[in-house]
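In what follows, a structure is listed as structure tokens, so that the remarks can point back to it.
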Amino acid sequence: LAKTTQPISMDSYEGQEVNITCSHNNIATNDYITWYQQFPSQGPRFIIQGYKTKVTNEVASLFIPADRKSSTLSLPRVSLSDTAVYYCLVGSTNQAGTALIFGKGTTLSVSS
Amino acid sequence: GAVVSQHPSWVICKSGTSVKIECRSLDFQATTMFWYRQFPKQSLMLMATSNEGSKATYEQGVEKDKFLINHASLTLSTLTVTSAHPEDSSFYICSARDLGGNEQYFGPGTRLTVT
């Protein structure tokens, strides 16, 4: 499974856009990129998933360049409730029996 | 989206006793479920892969005789921590992948405290 590298922490203020970049140099052809959010004492929550180019949903956007060796999670206009740990993971969707392996994640702190 | 539940959400037990944690996929079937452990301020660490109808696959360093996993149906996997010790105190999280989808769904976690 591809390893990922993310910044350990980021700080932001309410209303700002936050971009968290993840490096995954060894991503395989069948791998998707998935981002999860985790609050203390809760299980990870799915945010967004993509394979290439750009994906957008109601909470975030995911930008993936053509070489797919990195990806950027974009959170528009963050609020205090977005303070959490964000994990970038890569893994194949063709293998339902393969677990996602978590890296260290990025701790996002949003202040007022 | 699909829902994965865990029971109990928290448990306190005495050292030397055993504790069972249940993981259920509520609205989908999962032939494979995964068990993770998370210590404070750390990331999730994969413990084992639970396969329906067969033996679980454990990650290196995880004692299979201490962490018993049973996956008796397509919607239920259980993790039993046997002869628990204070160092087993942790947050245990299960997850499952819907056979037809790309997403891995996580349970809310179980906080285990061994006194």
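What follows draws every value from the coordinates through simple rules; no lab data is involved. Predicted, not measured: the structure shown is a model, and the values here were computed from it. Here Cβ is always computed from backbone atoms with ideal geometry, including for glycine, and neighbour counts include all displayed protein chains.
Using the structure shown, list the pairs from A:Lys104/B:Lys66; B:Lys41/B:Lys66; A:Lys3/B:Lys14 with a Cα-Cα distance above 32 Å, or answer none.
On the way: A:Lys104/B:Lys66 26 Å; B:Lys41/B:Lys66 24 Å; A:Lys3/B:Lys14 38 Å.
Beyond 32 Å between Cα atoms: A:Lys3/B:Lys14.
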Have a look at A:Ser9, A:Phe46, A:Ser109 and report the one farthest towards the positive end of the charge dipole of chain A, computed about the Cα centre with Cβ charges (Lys/Arg +1, Asp/Glu -1).
-> A:Phe46
Counting DSSP beta bridges with both ends in chain A, the antiparallel % (nearest 5) = 85 percent
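For peptide B:82-95, what's the mean number of Cβ atoms from other chains within 10 Å of each residue's Cβ?
Details: counts 0, 0, 0, 0, 0, 0, 0, 0, 0, 4, 0, 4, 1, 4.
Averaged over the peptide's residues, the number is 1.
Where does the charge balance sit around B:His85 when Lys and Arg score +1, Asp and Glu -1, over other residues with C-beta under 12 Å from its C-beta? Each step should come with its number before you reach the end.
Numbers: positive: B:Lys14, B:Lys66; negative: B:Glu63, B:Glu87, B:Asp88.
Neighbour charge sum, excluding B:His85 itself: -1.
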Most positive-pole-ward Cα, B:Gln60, A:Ser92, B:Thr113, against dipole of the protein assembly as shown from beta carbon charges | B:Gln60
Long-range amide H contacts for A:Tyr32: which residues qualify at under 5 Å (H placed 1.01 Å from N, peptide plane, sequence gap of 5 or more or a different chain)?
-> A:Gly91, A:Ser92, A:Thr93
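Assign unit charges at the C-beta atoms only (+1 for Lys and Arg, -1 for Asp and Glu), then state the dipole size of the stretch A:1-60 relative to its Cα centre in Debye, rounded to the nearest 20.
Details: 4 positive and 5 negative charges, 58 e Å.
That gives a dipole near 280 debye.
Report the antiparallel proportion of the DSSP beta bridges in the protein assembly as shown as a percent, rounded to a multiple of 5. List each step's numbers first, then the result.
Numbers: 65 of 74 bridges.
So the antiparallel bridges amount to about 90 percent of the total.
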Can you list residues whose amide H is under 5 Å from B:Cys94's amide H, if they're 5+ apart or on another chain and H is modeled 1.01 Å from N?
-> B:Tyr36, B:Gly107, B:Gly109
